[in-house]
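Notes follow once the structure below has been shown.
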Amino acid sequence: MSAPHVLLSENLSEMAPWLHERHPGGRFTVVPDAGPLPPDCLDAEVILRSAMNEDLFDDILRAAGKLRWVQITAAGFDWIGGEPLRRRLAEGLVLTRSAHSYSVPIGEYVIGAVLMHSRGFPALRAAQERREWVNTVATDFIGSTMLVFGTGSIGWEVAWRAGALGATVLGVNRTGAPAQGFTRVTPVARCLEVLPQADWVVLAMPLTPENRYLIRAEHFAAMKPSAVLVNVGRGALVAEEDLVAALTGGRIAGAVIDVFEEEPLPAASRLWELPRTTLTPHTSFRASGNLRRLYADFCANYDRFLAGEALEGTMRRPELGY
């Protein structure tokens, strides 16, 4: 049996030689993002998709009749999907995500964000800009409580790091099922019961129809006035009006936000000027080791594909979109 033909997004071209070396008999073709679709791509059985042009991706889905599996280099499925993909999925195409590739840098980002606030770096930076020598007292991170919404691979990377630094880490997930690295896990329907305990509230959940605008005014009202929100999940997990009110009204102490409902964030957005808030341009997942991690994630699934085994990173609850 000949090796399956694998298509790679253009921005993954550096990975192609690694794949050829690991699988000398394989066919690994980098697809130029500018298109049009090269004719020799029509017999592809696999796509490893990163930032591929949407129209080009749809063209491949329509034309590549042998296509059996698509792996996306993303932590979630909410951003992908049009009519051609829905049709192919209904016909049996397997869609997977790179479940572990971005968890490490996002975990590091969250720890950096909370330490930045506990050590008072935003205030110190403001004093530096005023050329003012100030005396500030940091807040201990050790002994604090972190509440993480989402206990999957990203949540776990956050949890063990925070625990190693002496924090108590509580989790929130859909059912309240126990999860490694968390002292206790609460079902999302009861999250208001645990929010008052948290010094740090971290959103690391996928966006689903169930949790769109999950965090609202009543959740901010339940938080400590000293609590800091960190969102590395999706912007639409939070009701923007209520976030703005909580920060401008001093209901919570601060926020670090990496994800937004509209990206790039418009220059006119009022989020830019929120007090005690750090905004980053959806960069928590970007890190120097990503390509190697994406390669390892894909190779693990590719080996399963060749062996006829079930792939990892499929939708666990397709009806909910994750």
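The values are calculated or read from the model by the stated rules, or taken from the named source; none is laboratory data. All values derive from a computational prediction rather than experimental measurement. FYI the Cβ positions are ideal-geometry reconstructions off the backbone, even for glycines, and counts take in every protein chain you see. Areas reflect the complete protein model, heavy atoms only, side chains present, ligands, DNA and RNA absent. Shrake-Rupley method; radii C 1.70, N 1.55, O 1.52, S 1.80 Å.
Okay, here's what the table says:
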{"read-out": "Among the candidates L237, L306, L279, L291, residue that is on the phi < 0 side of the Ramachandran plot, touching a strand residue (DSSP E or B) at 6+ places or on another chain (Cβ under 6 Å) and open to solvent by 30 Å² or more (accessible area, probe 1.4 Å)", "value": "L279"}
{"read-out": "Unique residue being within 24 Å of S98 (Cβ to Cβ) and either part of a helix (DSSP H, G or I) or of a type in the set (S, T, N, Q) (or both) when the list is T139, T151, T175, T186", "value": "T151"}
{"read-out": "Where a residue in segment 249-263 is among the charged types (D, E, K, R) and open to solvent by 10 Å² or more (accessible area, probe 1.4 Å) and its partner, wherever it lies, is at pLDDT 95 or above and assigned to a loop (DSSP other than H, G, I, E, B), with Cβ under 6 Å and at least six apart", "value": "E263/H282"}
{"read-out": "Segment 48-69: number of residues that are surrounded by fewer than 18 Cβ atoms within 10 Å (Cβ to Cβ), among the charged types (D, E, K, R) and within 24 Å of E309 (Cα to Cα)", "value": "2"}
{"read-out": "Long-range neighbours under 8 Å by Cβ, at least six apart or interchain, first residue closer than 15 Å to T151 by Cα within segment 185-196, second of a type in the set (D, E, K, R) and part of a helix (DSSP H, G or I)", "value": "T186/E193"}
{"read-out": "The lone exception for V70 - which of (1) outside any helix (DSSP H, G or I); (2) under 17 Å from the mean Cα position of the chain (by Cα); (3) among the aliphatic types (A, V, I, L, M) it fails", "value": "(2)"}
{"read-out": "Residues located in segment 155-164, provided they are in contact with a Ser or Thr (Cβ under 9 Å, 6 or more places away or on another chain) and either over 20 Å from Y109 (Cα atoms) or open to solvent by 20 Å² or more (accessible area, probe 1.4 Å) (or both)", "value": "W156, E157, G163"}
{"read-out": "Residue among L271, L311, L291, L265 that alone is at pLDDT 95 or above, farther than 22 Å from G107 by Cβ and part of a helix (DSSP H, G or I)", "value": "L271"}
{"read-out": "Scan of segment 3-39 for residues that are of a type in the set (S, T, Y) and either out of contact with any strand residue (DSSP E or B) (no Cβ under 8 Å at 6 or more places or on another chain) or open to solvent by less than 30 Å² (accessible area, probe 1.4 Å) (or both), ordered by number", "value": "S9"}
{"read-out": "Inter-residue pairs, beta-carbon under 8 Å, first over 17 Å from A177 (Cα atoms) and in segment 152-164, second aliphatic (A, V, I, L, M) and open to solvent by 30 Å² or more (accessible area, probe 1.4 Å), 6+ apart", "value": "E157/V104"}
{"read-out": "First in segment 8-20 and over 11 Å from L294 (Cβ atoms) and assigned to a helix (DSSP H, G or I), second anywhere and open to solvent by less than 10 Å² (accessible area, probe 1.4 Å) and aromatic (F, W, Y), Cβ under 9 Å, 6 or more apart", "value": "L19/F298; L19/Y302"}
{"read-out": "Residues (open to solvent by 20 Å² or more (accessible area, probe 1.4 Å) and over 30 Å from F298 (Cβ atoms)) located in segment 91-119", "value": "L115, M116, H117, R119"}
{"read-out": "Some residue of segment 40-47 being at pLDDT below 95, open to solvent by 50 Å² or more (accessible area, probe 1.4 Å) and within 27 Å of the chain's Cα centre (by Cα)", "value": "no"}
{"read-out": "Residues of segment 191-220 classified as of a type in the set (A, V, I, L, M), open to solvent by less than 60 Å² (accessible area, probe 1.4 Å) and not in a loop (DSSP other than H, G, I, E, B), total", "value": "7"}
{"read-out": "Scan of segment 231-256 for residues that are out of contact with any His (no Cβ under 6 Å at 6 or more places or on another chain), farther than 20 Å from N173 by Cβ and either modelled with pLDDT under 95 or in a strand (DSSP E or B) (or both), ordered by number", "value": "A255, V256"}
